[in-house]
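Structure record follows, encoded as structure tokens.
The values are calculated or read from the model by the stated rules, or taken from the named source; none is laboratory data. Just so it is clear, the model here is predicted, and its values are computed rather than measured. Because the Cβ atoms are built from the backbone with ideal geometry, glycine has one as well, and the counts that use them run over all protein chains shown.
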Amino acid sequence: MKKDTKELLIDSAFNSFYKNGYQGANISTILKEVGINKGSMYHFFKSKKELGLAVIKERIEKNLIKKYKKILEDNRPIESLFKTLISAPDTLIYGCPLNKMSQEMVYIDEEFKKLLSKTYKEFEKLIEDILIKGIQKNEISHCQTLSTAQLIIATYEGALMIYHLNRDKKQYIEILSELKVKLALPN
């Protein structure tokens, strides 16, 4: 099925924002990639900001939900979660899209901040739900699920940053393995 122009715009903008940052992305380059002019863009989005907010809703948020709901459906959700986190450097070439957009935009624009905060809370809730299911499946012991979810996300984001600075996947894996040990999660 052929994607419509609006979807192509969102895809191209996501890729550009992810690679270059929102501020560094060039609308002309996005439009050229999609093969439309600026007037056609305004049929779908009134501004770069509106396109940026659509990218958060339609790509960053939806991709997170899809990825982590799949883990939630797994019979061994904790094992699946850590396998997914460990594979991140192979799939997140420019870092975590949510983290990258948040670091760039939360102090610049209130609408971005609200939407990014909402998206983060959904991410946090999905990790918490994975932990709850892990407890129910006796995959892990009881823990404070909210603070543990926050710790997992913070460690993952920090480890991802270290990986991107050093390009050392072994170190990245060691950090996440140590997190599992500290949380008394099975290896």
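Quick one: is I132 over 12 Å from the mean Cα position of the chain (by Cα) and under 14 Å from I71 (Cβ atoms)? Yes: the conditions hold for I132. Residues in region 78-96 that are surrounded by fewer than 16 Cβ atoms within 10 Å (Cβ to Cβ) and either at pLDDT 95 or above or of a type in the set (A, V, I, L, M) (or both): I93 only. Restricting the search to region 135-148, which residues are more than 16 Å from L85 (Cα to Cα), part of a helix (DSSP H, G or I) and in contact with a helix residue (DSSP H, G or I) (Cβ under 8 Å, 6 or more places away or on another chain)? Those that are more than 16 Å from L85 (Cα to Cα), part of a helix (DSSP H, G or I) and in contact with a helix residue (DSSP H, G or I) (Cβ under 8 Å, 6 or more places away or on another chain): I135, T145, L146.
Table: residues versus (1) at pLDDT below 95; (2) assigned to a helix (DSSP H, G or I); (3) basic (K, R); (4) within 19 Å of L98 (Cβ to Cβ).
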residue	(1), (2), (3), (4)
M1	yes, no, no, no
D11	no, yes, no, yes
F14	no, yes, no, yes
F17	no, yes, no, yes
I36	yes, no, no, no
S40	yes, yes, no, no
H43	yes, yes, no, no
Y68	no, yes, no, yes
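The condition of being within 21 Å of the chain's Cα centre (by Cα), under 22 Å from K69 (Cβ atoms) and without any contact (Cβ under 8 Å) to a residue 24 or more places away in the chain holds for only one of L146, L165, that being L146. The residues listed here are I36, I27, I10; of these, the one that is among the hydrophobic types (A, V, I, L, M, F, W, C) and touching an Asp or Glu at 6+ places or on another chain (Cβ under 8 Å) is I10. Take L165 and decide whether it is surrounded by fewer than 20 Cβ atoms within 10 Å (Cβ to Cβ), at pLDDT 95 or above and not charged (D, E, K, R). The answer is no for L165. Applying a threshold of 6 Å to beta carbon distances and a minimum spacing of six or more residues, or different chains, the list of pairs starting in region 83-97 at a residue that is on the phi < 0 side of the Ramachandran plot and in contact (Cβ under 8 Å) with a residue 40 or more places away in the chain and ending at one that is surrounded by 13 or more Cβ atoms within 10 Å (Cβ to Cβ) and hydroxyl-bearing (S, T, Y) reads L85/Y156; P89/Y163; P89/Y172; Y94/Y18; P97/Y18.
Of all residues in region 108-117, those that are part of a helix (DSSP H, G or I), surrounded by fewer than 17 Cβ atoms within 10 Å (Cβ to Cβ) and touching a residue at least 24 places away in the same chain (Cβ under 8 Å) total 1. Look at region 4-27: where a residue is touching a residue at least 60 places away in the same chain (Cβ under 8 Å) and surrounded by 14 or more Cβ atoms within 10 Å (Cβ to Cβ) and a partner is part of a helix (DSSP H, G or I) and of a type in the set (F, W, Y), sitting 6+ places away or on another chain with Cβ atoms under 9 Å, you get Y22/F112. Considering K57, K83, the condition of being out of contact with any Cys (no Cβ under 6 Å at 6 or more places or on another chain), among the charged types (D, E, K, R) and under 19 Å from M101 (Cα atoms) is satisfied by K57 alone.
Taking the numbered list (1) in a loop (DSSP other than H, G, I, E, B); (2) within 23 Å of L179 (Cα to Cα); (3) in contact with a helix residue (DSSP H, G or I) (Cβ under 6 Å, 6 or more places away or on another chain) in turn, Y22 passes all entries but (2).
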